[in-house]
1. Going by average Cβ density within 10 Å per residue, which order do the peptides 111-117, 172-178, 136-142 take, highest to lowest?
2. May I ask you to derive the FRET efficiency for Asp182 and Asp156 from their Cβ-Cβ distance with R0 = 35 Å, giving the value to the nearest 0.05?
3. Counting only residues 5 or more places away or on other chains, whose amide H sits under 5 Å from the amide H of Phe589 once H atoms are built in the peptide plane?
4. For Trp587, Trp160, what's the largest-to-smallest order of accessible area, 1.4 Å probe?
5. Please compute the length gained on full extension between Ala263 and His552, using 0.36 nm multiplied by the number of residues separating them and subtracting their Cα-Cα distance.
6. Taking all protein chains together and a probe of 1.4 Å, list Glu29, Glu258 from the most accessible to the least accessible.
7. Starting from the 7 Å offset along Cα-to-Cβ, what nm value, one decimal, do you get for the label separation of Thr115 and Val283?
8. Working only with C-alpha atoms, what are the Rg and Dmax values of the stretch 220-292, expressed in angstrom?
Amino acid sequence: MEQSTSTDGVPGPGLPPGESIEATLARFENVMDELAVLTDPEVLDGWDAPTVGRLMEAHTRIRALTGRLDGVRYTLLSRIEADGSWRSGGMARAFTTWLRIREGVSAVTAGKDMTMARRLATALPGTRERLVAGTLGADHARVMTKVAPTSETRTDALAWLIDTRTGERATPEAFVQTVPVDFPDPAQDPDGEHTRQLITQVLEDAVTEGTLVTGEGLVLREAGSLNADQFRIVARRFATITDPDTDDVDDDKAALGEFLDLAKTFGGYHLAGFLTDEHGLLVTGAINAILGAPSAEDTRTSTQRRAQGLADVARVVLDTNQASPGAAIPPHLNVTVSWTELIAQATRTREGLCLTCGQTAPGRTTPSRTPSRATGAEAPGSSAGTSTGAGAGAGATGTSTGMAPTNADPPAASPATRGPAAEDPATGSAVTVSGLLSGGGPVFTETGDRAPRALLRRLACDSAVTRIVFGPDGAVLDVGRAQRTVTGQMRRAVIARDQHCVFPGCDQPPSRCEVHHAITHWAHGGNTSVSNSALLCWYHHQLVDTQGITMHWTGKPTTTTGTTTADSTTGTTTSGTVPGALIETGWAFTDARGHRITLPEPIEAPPQAEAA
């Protein structure tokens, strides 16, 4: 774009004296070079580097300048598009394509820029002026372009005149009638020139005072005191009031666009979808309610905690049988595993050390049984069965399933096919790698995918086990009754003692906990008893099983000390609890390195003032 000049060298109208776009940009580029030198990392790390306070102020000013530059750029884009000369040469048929090719930006960026430029030019002149002047932030301007002119009715409403005294729409004629003005007699102003001047003056004064504003100006009045997120609510409210029908259409589109994809992929499941605001808030509320506040040692990210929370919501629904209360078999998670494999995986060792906790893993001793009779969940052999955690009873929260024993022994492997021998932790006999492979390993019953070993350890603590006996041809010979590894009476006793998750700092209720074999794991020969059981929430149950954390009972304290008060008159002292402090649960936790896991030290209460 060339600068127009007259014959005497004076710049044409519309341009400041002695300047052009090219000259101004050249000066700006020189200033940017200087700024780049001043903000070089070596300068900022030098002995005379500016203070952090100065850097904060500079960052704020740079952001404001960036927004102003964007405003100028949007102004140029709308004029370039309207001119149409960009079509010459046939490089592109759409302006966004031309912009993408010329400036090397992505299609998404080009589309967003053009949406901003077009709406600022046609529907939001006040927003554009404030953005260029630096009195409106770039984020606030984006909110206006995305929310306000989203329908023809809303675009018209941005140009409405609003009387701020009443909040009602007004016309210039109607507004003037509400203002006391001494209009001249028509005989004294036959052509009406003086009357028009008075009306113009009244309207200009009303605009200056803010009594008469456009719909756009009414919304922008709130921008100065609100951040962009808060300002979005105001703009959204304006759009709803001026055109509620468009909101109804958008709501219908959102409802039709809802979807949820849950697809099996490598190592797990991929989740993707879209929910309406209503359903999204319901899911978010349920996840947040079940998550609670993170404990002190919880290092997971918020996204990781939300993933766990979604799974926990499913556990609550299935464990309490709320989804299908009339079903003969409540919905649950099933895992299929042979009895030998359950023991071998739960107590898997290398050189006598457990792969889970790194400590000595004693073999589980079980009574010998004849091959022709396999009953209960403790029968040895290559048995198979299913366990489920959808059992009844207070606090029943297990959701996994496993395999109970059968009496069909695996075929002996020939010396040529037999792999390296290892000792079966359950029976002490030799187990071959080929034998383990032939069994298929623990799998999820529904999909046949591998079940994690950590899940089997949790299964052994708290689940319902169903014994299924298979014949040599794979036919089901017998199905035993589902038996819980922890009975209802025992669970109630553990809940009465522990009351919540006993991991330090955690207070998840029993409905979100599982019963863990605390002192000696079931797979290591531990008894299923109240003294060997403790409540752990789903997250801490997995943490204890996979991180080599051990537990032992120390007993609940008979007295609680948190604050000590001295009575100067009697010479006695009394102890009490600090409000909000967690009471000891009676369980002590030790990590794999032998360090005690404890709560952070409580903040001491301020000393009480001495009595006068």
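The values are calculated or read from the model by the stated rules, or taken from the named source; none is laboratory data. Bear in mind that the values here come from a model prediction, so they are computed numbers and not experimental data. Ideal geometry is used to build each Cβ from the backbone, glycine not excepted, and the neighbour counts take in all protein chains shown. Please note that ligands, DNA and RNA were not included when accessible areas were found on the heavy atoms of the full protein model with its side chains. Shrake-Rupley method; radii C 1.70, N 1.55, O 1.52, S 1.80 Å.
1. Going from most to least packed, we get 136-142, 111-117, 172-178.
2. 0.55
3. Amide H to amide H, under 5 Å and 5 or more residues apart or across chains, Phe589 pairs with Ile597.
4. Final ranking, largest accessible area leading: Trp160, Trp587.
5. 99.9 nm
6. Glu29, Glu258
7. 2.2
8. For the stretch 220-292, the Cα radius of gyration and maximum Cα-Cα distance read 17.5, 53 Å.
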